[in-house]
Amino acid sequence: MASRSAQTSSQALVAGGKKRKNDDREETEGAESAVQHRPYKSKVLILCSRGITYRMRHLMNDLANLITHGKKDAKLDSKHALPSINELADLNSCNHALYFESRRHSDLYLWASRCPNGPSIRFHVVNVHTMDEMKMTGNCLKGSRPIVTFGKEFEESSHWKVCKEVLTNIFAVPKTARKAKPFVDHIISFSIIDGKIWFRNYQILQKSTLDPAATNKKKSSDAEDLSLTEIGPRFVLTPIKLFEGSFSGPCLWENKDFVPPVQAMKEHKTEAALKYMGRKEQESSREARKVMMDLMRPDDELEKRKVFA
């Protein structure tokens, strides 16, 4: 009887262990499936440095309105502690960052980074025109998702491919964005001209809504019924450097054709100084030539000092 009870107890223990293993396996599989089906959440941290001008601030606000999954933060006090932006992004649950850096209240630099591992790109922003300055007739719904398009030049070299990937992750609003509306009514375009990235924003319009008389005509195709109108903002990005890390790390690519604004200003001042020195040398040589001509002029016999000598 004792042996039978021992056998039954051992069988029960074995069955219980199998059940526990099966339950643990089901729990792990359920956790893995939950991780696999967990929606991807992408957020962009948008902030700027001290000393930013009103036009730079308006451009940042325009981009913040376009980036529905973005989150604005306070100004960064120190321009030399850029890696601390990764900590700010972690505190705000952001995995991308846009940092507007102002230099000498006139030059604007834009950092686009994927936090916290990188890569990061530094751009020089020129030809800035905000929405308020352009005053165009177009308009788009606030919170709508855009169509992000890139030119075929982005596939020609590796650094342009990295720029395309970073800009896509920042400006393409994901489906899981909390503030995103289920509308697609504008297009964000990136094109490369002369080694620079040109940013444009267009609204998608229907010609039938603009022209009521067109509804009485023969219905055309959907592609012919659509038109684009620019609504702004517009600016040009000149890539300077591409870093492996986020706001730090080794430099993977550098633009050799980029001339810093300080150097360009120095060259302009040097050229103006050389022109000024040339003009002064011409004036001094002209005065010396007049003196020599007066000395070399022959005496006139009808002069007073000759007549009344």
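At an R0 of 51 angstrom, the distance between the Cβ atoms of Lys71 and Lys207 translates into a FRET efficiency of 0.85. In this simple spin-label approximation, Tyr276 and Lys179 carry label points 7 Å from Cα along the Cα→Cβ vector, and these lie 4.9 nm apart. Label sites at Ser158 and Asn117, each approximated as a point 7 angstrom past Cα along Cα to Cβ, lie 1.8 nm apart. Set the Förster distance to 35 Å, then compute FRET efficiency between Arg286 and His58 from the Cβ-Cβ distance, nearest 0.05. The value I calculate is 0.10. Normalised by 2.2 N^0.38 Å, with N the number of residues, the alpha-carbon radius of gyration of the stretch 49-126 equals 1.04. Amide H contacts under 5 Å for Thr229: Gln203, Leu205, restricted to partners 5 or more places along the chain or on a different chain, H placed in the peptide plane at 1.01 Å from N.
Taking label positions 7 Å along the Cα-Cβ direction at both Asn169 and Glu230, the computed distance is 3.0 nm, reported to one decimal. For Cys251, the shell of other residues with beta-carbons less than 14 Å away shows a net charge of +1, using +1 for Lys and Arg and -1 for Asp and Glu. Across the stretch 44-258, Cα pairs under 8 Å and at least six residues apart give a relative contact order of 24 percent.
FYI, it's all coordinate maths here, none of it is from the lab. Small disclaimer: the values here were computed from a predicted structure and weren't measured. When we count neighbours, we look across all protein chains shown, and the Cβ atoms used for this are built from the backbone with ideal geometry, even at glycine.
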